[in-house]
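Worksheet: the structure to be examined is printed underneath.
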Amino acid sequence: MVNKMIYFDNAASTKPSKEVLDAYLSAALNDFENPNSLHKYGVKNLTDINRIRQNILKLFGFSSDYEVIFTSGATESNNLAILGYARKNSSRGKKIITSSVEHESVLNVFKELEKEGFNVTYLSPNNEGKFDLEKFKKEFTKDTILVSIMTVNNEAGFKTNIEEIAKIVHENPKCVLHSDCAQTLGKYKVNFNTFDLVTISGHKINGLKGIGALIKKKKVNLEPIVYGGGQENGLRSGTLDYPSIVAFNVAIENAMKNFAINYSNITKLHDYLIDELSKIEEVTLHLFKDYTPYIINFSLRTKKGSVIVEALSNKEVFVSSVSACNSKNEPLSYVLLNLGKSIEEAKNSIRLSLGKDSTIEECQDFIRIFKEILLEVRGR
Ligand code: PMP
């Protein structure tokens, strides 16, 4: 990575802040002892970790009904929440519900559970990213034990109507609600207490890769997916990564402390980009009434998203095209397809994702370079 770059791929990963790295380095050098060791340094580290758990719960406004299980990131948290809950509670029902626009770390877990005999419904939202509540109610049968719906979509930036879904889910005490909030932290303030299981990740909020958490209601029982020494109440064995947890805490504190100022800055950049992009003939913007300003998604009318991403990359501008290979021959965005967009739009989509350090000058440069590239790759 060079200094004079435009990095609009923050939904993929953010740059760790200096405070996060300082906290990591200091803890890694000075507090490397195993938090489960019985000597005084082990005890000290475990005490710190338990304090951090409480701090995280407080910062996000969780009630005292919740607890924090540290994991390696959102992928593992999603696996633990969904596999762990479904397997532990399968005697109570075999029906589980998710959406067709989830991250693959949710979708592929549901596919796995189908193989284990669970009956899975994949709900598609409307073109605003909202689920039809009547349709949901029809699927939400008495033997439904788990619903997993994300709060903010990583590819298109829309917010789901999970709060409305939550009300219906909680009418059935047998069922729990999980939400993948990897793209929600620092981007949108939701009432987390309406969920039973919440996934979070460090590297989406200027923390480190390899650390995340599953925040769960204490009374929700899970089957572990990793067995070993019994750490994290037996739910996630493995030596607790004290330095990463300390650094995660700093990242969360900063994200919450600067939430309002970052949000207002990013909104200005978002509005500028939308305004400029809407003037470009080649661009079809995917706009939603209810969205996070951190993520912008659009499709090119005649050019391939991957070609433009590569051309931008050659000019030190970094963005994403579709998130996954979903067809045999060509990658296309299953998220856009499931929102009712055309195959062409799904093939040629580009995501810009802003971060706390993004500037208006970068946005201006982006628009200039993007226009130059559209001329250069004419016909490709
Ligand atoms: N869920 C969502 C919504 C995401 O955006 C991501 C990261 N792309 C993940 C899960 C996976 O996160 P991690 O890298 O922490 O495993």
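The values are calculated or read from the model by the stated rules, or taken from the named source; none is laboratory data. These numbers were taken from a predicted model, which means no experiment stands behind them. Cβ atoms come from the backbone with ideal geometry, glycine included; neighbour counts cover every protein chain shown. What goes into the accessible areas is simple: the full protein's heavy atoms, side chains included, and nothing from ligands, DNA or RNA. Shrake-Rupley method; radii C 1.70, N 1.55, O 1.52, S 1.80 Å.
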TODO: Report yes if Glu253 is open to solvent by 40 Å² or more (accessible area, probe 1.4 Å) and under 30 Å from Leu25 (Cα atoms), otherwise no.
DONE: yes
Task: region 193-207: number of residues that are over 14 Å from the mean Cα position of the chain (by Cα) and either within 9 Å of the ligand (Cβ to nearest atom) or surrounded by fewer than 24 Cβ atoms within 10 Å (Cβ to Cβ) (or both) - done: 2
Task: strands (runs of 3 or more DSSP E) (entirely within region 119-183) containing at least 2 residues that are in contact (Cβ under 8 Å) with a residue 12 or more places away in the chain and of a type in the set (Val, Ile, Thr) - done: 119-123, 144-148
TODO: Hey, could you check region 76-96 for residues that are open to solvent by 10 Å² or more (accessible area, probe 1.4 Å), in a helix (DSSP H, G or I) and of a type outside the set (Gly, Ala, Ser) and say which is nearest to the ligand (Cβ to nearest atom)?
DONE: Glu76
Task: Qualifying residue in region 54-75 (condition: of a type in the set (S, T, N, Q), within 28 Å of Lys135 (Cα to Cα), within 16 Å of the ligand (Cβ to nearest atom) and crowded, with 22+ Cβ neighbours inside 10 Å) - done: no
Open item on the list: Given the criteria open to solvent by 20 Å² or more (accessible area, probe 1.4 Å), part of a loop (DSSP other than H, G, I, E, B), in contact with an Asp or Glu (Cβ under 9 Å, 6 or more places away or on another chain) and modelled with pLDDT of 95 or more, does Lys15 qualify?
Closed with: yes
TODO: Check Leu21 against each of (1) open to solvent by 40 Å² or more (accessible area, probe 1.4 Å); (2) in contact with an Asp or Glu (Cβ under 8 Å, 6 or more places away or on another chain) and name the one condition it does not meet.
DONE: (2)
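Yes/no per residue for (1) under 21 Å from the mean Cα position of the chain (by Cα); (2) at pLDDT below 95; (3) surrounded by fewer than 21 Cβ atoms within 10 Å (Cβ to Cβ):
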site: Asn297; (1), (2), (3): yes, no, no
site: Thr302; (1), (2), (3): no, yes, yes
site: Val307; (1), (2), (3): no, yes, yes
site: Glu316; (1), (2), (3): no, no, yes
site: Val322; (1), (2), (3): yes, yes, no
site: Asn326; (1), (2), (3): yes, yes, yes
site: Glu330; (1), (2), (3): no, yes, yes
site: Ser333; (1), (2), (3): yes, yes, no
site: Asn338; (1), (2), (3): yes, no, yes
Open item on the list: So Lys279 passes all but one of these: (1) open to solvent by 30 Å² or more (accessible area, probe 1.4 Å); (2) within 16 Å of the ligand (Cβ to nearest atom); (3) at pLDDT 95 or above. Which condition number does it fail?
Closed with: (2)
